[in-house]
């Protein structure tokens, strides 16, 4: 699809104002000049491989940079890079969200190293735009390759792609020429990259406008915070930990997706079919980036993978760049246990997730929603504040696993659950949980009311956290982490 046709599908009718300016003197090489002239004809009069401008998207001003593949395969020369850079800088100056629509074979070979180096120029402009706290969203079209894929194409706070798009560093023809063998056909597909946590979502073009609108509703317009009334207190006597473990394993217990569906507004879900839940939402009007664990669908266990954890860290960085709070939803039977998980670095990704959340400058709120088993749960728990459902629990292993270590059988699971201090009340006593959200009497028996109660508790906590100056909040977080595990 031509660049301006795609822009027309995304923005409000008649609102696009082009920013393109003349590009300077033509190249000296007559063959290259002739190629540029032919490219202009094929591209319907566009004078370069990108067009830029300002428009309205559902009434919101945005800046756009759109590649034109008909112009020399969307390749990036020095003048192309200069046009992109000026558009990004203007978007930053005018405080506009930026939408990038790349489609490109990569660096323009006729200009060689000079054009190749311009990827640094464009990247620096994008980084400055993000450092200003402005949303940058990219939509990778078919194909997006080479230096474009390895720089500004994949630097978005959200990186979306069209279905079936070929995305990668080396094109298949170059790969085969250099390696002497063909590239496997599914390696560079958008769907493959999304499944490995390298993209945020695969979005058909007909849905792109709505996805961008919903993303910007959260990312670009934080509302003023108002107080939220507290919910009912949990029962005076804490639940039996083993009973709590069994309750959280009920297949009809509401999980992360059910919570967001019932308690969040303006939901834009970014998760796929695995255990990871990612979304841009509002809780009682308060915007947040959400990452969480969907423990099960029906009766199928869903382990947390290294790819999931990479996306958690990506979401955390996006929240930090945009000054939005991060909400983590913890509900997992454990991280993936397999040879592939070991080779994919599951333990290393847990460590990196811990360090990312510990150091994140934006507010972090964790919600222990149900099961909290092992490192997969711990990876999402470093936070300024932790809420816990009344029957939620956290343990190094499921009680059966702990029994196998201590007693060499699984028959002592209930005993271990009661002695290890894994329940929500126990976790409050050692400094992890700050507030317990009531279940009346069980989340599975009152799913709508429970989800609403958790949503209101999240909104109230976000109101409190965002009102605290960052240096004070970070100092309190450091002290909190220093004391974790010690009785209050």
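Every number in this text was worked out from the coordinates using simple rules, so none of it is lab data. Values in this document were obtained by computation on a predicted structure and should not be read as measured data. Every residue, glycine as well, gets a Cβ built from its backbone with ideal geometry; the counts of neighbours run over all protein chains shown.
Annotations for the structure displayed:
- Kirkwood hydrodynamic radius computed over the stretch 237-290 comes to 12.9 Å, based on all pairs of distinct alpha carbons.
- When Rg and the Kirkwood radius Rh are both evaluated on Cα atoms of the stretch 337-488, their ratio Rg/Rh stands at 0.99.
- By average C-beta atoms within 10 angstrom, highest first, the peptides 258-264, 331-337, 355-361: 331-337, 258-264, 355-361
- Rg/Rg_ref, the stretch 238-483, where Rg_ref = 2.2 N^0.38 Å and atoms are Cα: 0.94
- Between residue 179 and residue 359, the modelled labels are 3.2 nm apart [label points 7 Å from Cα along Cα→Cβ].
- Bridges between two residues of the stretch 3-218, per DSSP, are antiparallel at a rate of about 40%.
- Each 5 Å bin from 0 upward holds the following percent of the Cα-Cα pairs of the stretch 60-108: 5, 22, 28, 22, 13, 8, 2.
- Remark on the stretch 52-148: hydrodynamic radius 13.5 angstrom, per the Kirkwood mean of 1/r across alpha carbon pairs.
- R0 of 41 Å, Cβ-Cβ distance residue 15-residue 196: FRET efficiency to nearest 0.05: 0.65
- Subtracting the Cα-Cα distance of residue 482 and residue 127 from 0.36 nm times their residue separation leaves 124.5 nm of extension gain.
- Rg/Rh for the stretch 175-224 stands at 1.25; both radii use Cα atoms, and Rh follows the Kirkwood definition.
- All Cα pairs of the stretch 131-227, percent lying beyond 23 Å: 35
- Of every Cα-Cα pair in the stretch 1-76, the percent that sits beyond 17 Å: 48
- Take each peptide in 88-94, 367-373, 17-23, count the other Cβ atoms within 10 Å of every residue, and average; sorted highest first, the result is 367-373, 88-94, 17-23.
- Cα gyration tensor, the stretch 3-218 - rounded (a/c under 1.5), prolate or oblate: oblate
- Value at 222 nm in deg cm²/dmol, rounded to 500, when DSSP H runs of n ≥ 4 in the chain each add -39,500 (n - 2.57): -12500 deg cm²/dmol
- Take the Cβ atoms of residue 38 and residue 468, set R0 to 60 Å, and the FRET efficiency comes out at 0.50.
- Note on residue 340 and residue 405: with the Förster distance fixed at 22 Å, the Cβ-Cβ geometry gives a FRET efficiency of about 0.35.
- Computed extension length for residue 250-residue 415: 57.4 nm, one decimal, from 0.36 nm per residue of separation with the Cα-Cα distance subtracted.
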